[in-house]
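Peer 1: Got a structure for you, questions after.
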Amino acid sequence: MEILKKIIDKIEKKEVVLILSKEILEEYYRVLQYDEIKEKIKNKCLEIKQSVLKISTISEIIDVKSKITLIKDDPSDGSVLSL
């Protein structure tokens, strides 16, 4: 988790830019709803909402103009490639 803290610190200091799309944020939120993820989060609902809010406020949200559908097992993962 130390590396994650360093990355978030760099983003907050505007040393790097985190670029995401609405689709990626939605996928992130969806994955956080998995039971195996929720089991690792103490105060599930509150921490998940805070996490999504934090990521969305420190990132630059862009509109994706095209969709890539190369990943057949989980098409929602294509949102990452679409950036």
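Peer 1: With among the basic types (K, R) and either at pLDDT below 80 or in contact with a Cys (Cβ under 9 Å, 6 or more places away or on another chain) (or both) as the only criterion, which of K6, K54, K22, K44 stands out?
Peer 2: K44
Peer 1: Identify, by number, the condition in (1) more than 16 Å from V64 (Cβ to Cβ); (2) part of a helix (DSSP H, G or I) that I41 doesn't meet.
Peer 2: (2)
Per-residue answers, yes or no, for (1) polar (S, T, N, Q); (2) in contact (Cβ under 8 Å) with a residue 24 or more places away in the chain; (3) farther than 13 Å from S59 by Cα:
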| site | (1), (2), (3) |
| --- | --- |
| K13 | no, no, no |
| L20 | no, yes, no |
| Y28 | no, yes, yes |
| L32 | no, no, yes |
| I37 | no, no, yes |
| I41 | no, no, yes |
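The values are calculated or read from the model by the stated rules, or taken from the named source; none is laboratory data. The structure presented is a predicted model; accordingly, all values stated were derived computationally and were not measured. Virtual Cβ from ideal backbone geometry, glycine too; neighbours counted across all protein chains shown.
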